[in-house]
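Novice: Let me begin by handing over the structure; questions about it come next.
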Amino acid sequence: MLGARGEYLAERFLRRAGFRIVARNYRCPAGELDLIARDGGALVFIEVKTRAADDDADPEENIGPAKQSQLIRTARDFIARHRFPPGAYRFDAVAIVLPESGEPEIRHIRDAFDARE
């Protein structure tokens, strides 16, 4: 499955970059968060978008306003349920393009969107 492979690659990429993964595929009535991680003092909610190389669109282009609102609601649920203290939170994206052969292209977009609704 394309999405599962992308999430695995994103997690491995982020671990190597020093992120500590807190949760994977967090689900609640508001939606799902692909990865949740610590990056220094920040709690980071990460949306992973994966595409085949022959797809015309950049993967991160699919994180529109409706998806952003859903991610924010889901992150608020996670914070409340796990009683995380007030602090630094942000939303990142990892865009992965998988070619038929060769290495995947991985782009990490910090602060992918403004979380203030």
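None of the figures in this text is laboratory data; all of them are computed from the coordinates on show. Please read these numbers as outputs of a predicted model, since none were measured by experiment. Heads up, the Cβs are rebuilt from the backbone with ideal geometry, glycines too, and the neighbour counts pull from every protein chain shown.
Novice: How long, wide and thick is the stretch 66-117, going by the Cα atoms along their three principal axes, in whole angstroms, largest first?
Specialist: 43, 22, 16
Novice: May I pose another question? Test of understanding: ordering 84, 45 by Cβ neighbours within 10 Å, fewest first, what list do you get?
Specialist: 84, 45
Novice: Return the inverse of the average 1/r over all pairs of distinct C-alpha atoms in the chain, which is the Kirkwood hydrodynamic radius, in Å to one decimal.
Specialist: 14.5
Novice: Using the Karplus curve 6.51 cos²θ - 1.76 cosθ + 1.60 with θ = phi - 60°, work out ³J(HN,Hα) for each residue of the stretch 88-95 in order, rounded to whole Hz, and write x for Gly and Pro.
Specialist: 7, 10, 8, 10, 10, 10, 10, 9
Novice: Taking the DSSP beta bridges in the chain as the whole, what percent of them are antiparallel, to the nearest 5?
Specialist: Given both bridge residues lie in the chain, the antiparallel proportion sits at roughly 65 percent.
Novice: Please list the non-local residues whose amide H lies under 5 Å from the amide H of residue 113, H modeled 1.01 Å from N, same-chain partners needing a gap of 5 or more.
Specialist: For residue 113, whose amide H was placed from the backbone, the distant partners under 5 Å are 91.
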